[in-house]
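The next block holds one structure in the form of structure tokens; read it before the comments.
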């Protein structure tokens, strides 16, 4: 069961924040930080995407997420998996646990296969951020997102992938892309799965993980609201959720809440995001069409 009433409470508490202007959120990873500007063009059609990201951050959804896909020249993907350890030998034999997910963002309310609003000016070029989607379903984006690494990714524009944010400085993203990547697909029983074939590793052989995420601007942003109050979490004055303990507490409370729950996205779901043809050729023999994977 996906979050219903609880999410509505959280979104209500965030609407005052998100209507005040574009937010900048900082992802602190084990190899450095990068800042994500939410809706930098102030496009009102992207409000649901902004609310979704803020809700995920407030609930601690991204805490200790694995940076699981570093596809050279294509995308860096985050938000699919969570881990209890960064140690490579401790990766579960059945693969990582799926990230807890809120209800998806609806962009095609009439299910006609087209995004409801004009996406003019919203294009998947280097540095932009879009939600990963299940195959053929524009309404399936939730926690998992990808950072475009190349301007040639504009072919994704017509497939329901709506850029809703931009990375302010790609230095850390490029640093992650420069790391050695390993194929874990066979070791977790998912041979050839694109969710596992380009997992970046640090110099000491550890997984790259998201250690914390918070809103850094505008400075007046606060996550105080009915949801966090109900959870007994008091955010600090700067509005950034309390470290790992608070994030974990928020997520645990949401999972066990009687009014709704965060749920792990289905492991079997695949995403309709074909890679560029040069990369696609390398994976055709794996029984997949080279798609971004949503967890």
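Throughout, read-outs are computed from the coordinates displayed, never taken from laboratory work. Computed from a predicted model, the values in this text were never measured in an experiment. Here the Cβ is made from the backbone with ideal geometry for all residues, glycine too, and neighbour counts use every protein chain on show.
Using 1/(1 + (r/R0)^6) with R0 = 25 angstrom and r between the beta carbons of residue 88 and residue 135, what's the FRET efficiency to the nearest 0.05? Could you put the intermediate results ahead of the total?
On the way: r = 29 Å, r/R0 = 1.18.
E between residue 88 and residue 135, to the nearest 0.05, is 0.30.
Between residue 45 and residue 191, how many nm apart are label points set 7 Å from Cα along the C-beta direction?
Once both label points are built, they end up 4.4 nm from each other.
Mind ranking 146-152, 93-99, 105-111 by how tightly packed they are, going by the mean number of other C-beta atoms within 10 angstrom, highest first?
Sorting 146-152, 93-99, 105-111 by mean packing, highest first, produces 146-152, 93-99, 105-111.
Once you put a point 7 Å from the Cα of residue 151 and another 7 Å from the Cα of residue 33, both along the Cβ direction, what distance in nm separates them?
So the two model labels end up 3.0 nm from each other.
Compare the peptides 202-210, 52-60 by average per-residue count of other Cβ atoms within 10 angstrom and give them in order, highest first. Write out the running numbers ahead of the final one.
On the way: 202-210: 16.6, 52-60: 25.7.
Most protected by this proxy first, the peptides run 52-60, 202-210.
Of the listed peptides 171-178, 27-34, what is their order by residue-averaged count of other C-beta atoms within 10 Å, with the highest listed first?
On the way: 171-178: 16.2, 27-34: 17.8.
Descending mean neighbour count gives 27-34, 171-178.
Any chance you could check the Cα centroid distance between segment 146-213 and segment 74-102 for me, in angstrom?
When both Cα centres are located, 12 Å separates them.
Can you give the direction-averaged projected area of the convex hull of the alpha-carbon atoms in segment 16-118, in nm²?
On the way: hull surface 35.8 nm².
For the Cα atoms of segment 16-118, the hull's average projected area reads 9.0 nm².
How big is segment 109-205 by the Kirkwood estimate over distinct Cα pairs, in Å? Let's see the in-between values first.
On the way: mean 1/r = 0.0657 Å⁻¹.
Taking the inverse mean of 1/r over all distinct Cα pairs, segment 109-205 comes out at 15.2 Å.
Residue 175 label point, 7 Å along Cα→Cβ, cut-off 12 Å on backbone N: hits in segment 194-209?
203
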